């Protein structure tokens, strides 16, 4: 970082005469068309960087420059003095070895520290022995280390209050917080301190474990913490088990129900509970039927209330049973003759068959026999009282369907 070189050497002026002029004319600065100014580059400076104090609108053909610490010209606070006529630099009492004064009046300070913060005054001596004075300011900001999040409670339990703190306390620093890579949500259970350095979690739950990240910022640097996960021991659940919505099932098929839920301690057992026809619920139970559970500590067991069970209704529906058809070996017969064989035909498998006569369940007479699977009804011999409409019905647990009526005539 080097500014351009300044003008070449001018005519020689005795050193004692220059110092005398500086002493006599320190506080006298006649007006000029372009006023002397200074500029700090960069304007926001972090520790360890290099800074230029630039001189602008310097008069032509100056005799020399002198930089001082503080807001006034004080030879005891002289950093360095540069003479143009012989291109010579003289270091002052507060020279630290990290300053370089260039021929154009610019002062370079290497590897600045916070001790370099303060005012700097430039004295320009013109060739008529008049002087110009201008004061600039340098503020060196701390390079922020990676903040570390600390917790007021290393092992918080359900509904405890926890305070998280971002790094060590430092002035002129602003703080920001994130949870799960999102800004902190608005919540009555999350309280930020006035300077945002601490966040208080009231009645901690399992949803507050994080991870948390905090950011520290000053005008010259920004630093973020590593993610911090709150190791909260929270008893909860069992939650309502997530079960699928109403689901069509194949007739006479097999249905396997399984359910999982969030719970601490883990659920011990589940039970399929019949609620009403064609509906069931899965009930989940914690590992203990006691209403207080907790880890054993030196002080003993800390009770924590638990919900004993949750039920999640699940409606089940199966596909309808196909309509069966009815066939007869003969639909018109003479009384006391026979046999007449009625057969119930269906493409369904795993269904049961039952018979109806004149819209009512068939009461078997001694003359009537059914096959082992109830699909065939044999009447032998037939009687006039057997005249009427016959139907068969195919059914399973949830569905049924009847055939169209078939009329038997007995003469």
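Some values worked out for this structure:
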| read-out | value |
| --- | --- |
| Neighbour-count order for 361, 193, 225, fewest beta carbons within 10 angstrom listed first | 361, 193, 225 |
| Whole-number percent relative contact order across the stretch 317-366, with pairs defined as alpha carbons under 8 Å at least 6 apart | 32 percent |
| Debye intensity ratio in log₁₀ form over the Cα atoms of the stretch 325-410, taken at each q of 0.12, 0.24 Å⁻¹ | -0.32, -1.23 |
| Distance between the stretch 94-171 and the stretch 354-388 - C-alpha centres, whole angstrom | 106 Å |
| Cβ crowding within 10 Å averaged over residues, with 50-57, 363-370, 152-159 ranked highest first | 50-57, 152-159, 363-370 |
| Pair residue 187, residue 88: separation of 7 Å Cα→Cβ label points (nm) | 7.3 nm |
| Cα-projected label distance for residue 330 with residue 395, points at 7 Å along beta-carbon direction, nm | 3.2 nm |
| Linear extension gain, residue 358 paired with residue 372, 0.36 nm per residue minus alpha-carbon span | 2.7 nm |
| Ordering of 101-109, 124-132 by burial proxy (mean other Cβ atoms within 10 Å per residue, highest first) | 101-109, 124-132 |
| Additional length obtainable on full extension of the chain from residue 46 to residue 322, 0.36 nm per residue less Cα span | 91.0 nm |
| Protection-proxy order for peptides 81-92, 177-188, each taking the mean of Cβ atoms within 10 Å per residue, highest first | 81-92, 177-188 |
| Sequence of 201, 79 once ranked by neighbouring C-beta atoms within 10 Å, starting from the fewest | 79, 201 |
| Simple spin-label estimate for residue 154 and residue 409 in nanometres, 7 Å along Cα-Cβ | 10.0 nm |
| Calculated over the stretch 149-224: convex hull of Cα atoms, volume per residue (Å³) | 91 Å³ |
| Three-way shape call for the stretch 15-141 based on the alpha-carbon gyration tensor, with the a/c threshold at 1.5 | prolate |
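None of the figures in this text is laboratory data; all of them are computed from the coordinates on show. Computed from a prediction, not measured in an experiment: that's the story for all the values here. Here Cβ is always computed from backbone atoms with ideal geometry, including for glycine, and neighbour counts include all displayed protein chains.
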